[in-house]
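Everything on this sheet refers to the single structure shown next.
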């Protein structure tokens, strides 16, 4: 029999300890929730009461969410279908971690009814956005270093120059939907775009509102 590599033995022991720990917690706390952390394989184990408390606190402090008493899915489907039919008539679209483990809602829209509208608007607006703000936008880390090098070569980089990073929390609750739509319309008008690929600003805003 081929001996098991040491690294695999260590990994197996870690998995065993994790499973044993989970079983122990389930025996002690029957009202428990296991949640996989966003964009990682880390599991967080917490009580259902704690999750509910944090959810209530989040809704209270942000004022951005409310508990639904009915399912709005049917109304959303009707709205999406109507808007997609409008687009087809224009021949423009085909039919195709932090301390205290804070609670932050993540909306998974991969299979959402509005996915195609979102993708369509992304293609429509991204080229416009890139055209006008490319000089002040960093695409990735390599682009940042390249732009920083040019900044230094021009003599702008001084001993007192500050490099500042920041993290925006609750972006989708701090910037309300109607305010975001107003900014989008202002951006398009500011660059003298009455229509974008044949679509009026009002149509774009109505699609984005969905």
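Bear in mind these aren't lab numbers, they're just calculated from the coordinates by the rules spelled out. A quick note: this is a predicted structure, and the numbers were derived from the prediction, not measured. Using ideal geometry, Cβ is built from the backbone for each residue, glycine included, and neighbour counts are taken over all protein chains shown.
To the nearest 0.05, how large is the calculated FRET efficiency for residue 36 and residue 56 if R₀ is 30 Å and r is the Cβ-Cβ distance?
Between residue 36 and residue 56 the formula returns 0.85.
For residue 202 and residue 161, calculate 0.36 nm times their separation in residues minus their Cα-Cα distance, and state this gained length in nm to one decimal.
Numbers: separation 41, 0.36 × 41 = 14.76 nm, distance 4.25 nm.
Going from the current span to full extension adds 10.5 nm.
Between residue 138 and residue 4, with labels modelled 7 Å along Cα→Cβ, what's the label distance in nm to one decimal, could you check?
About 4.5 nm, to one decimal.
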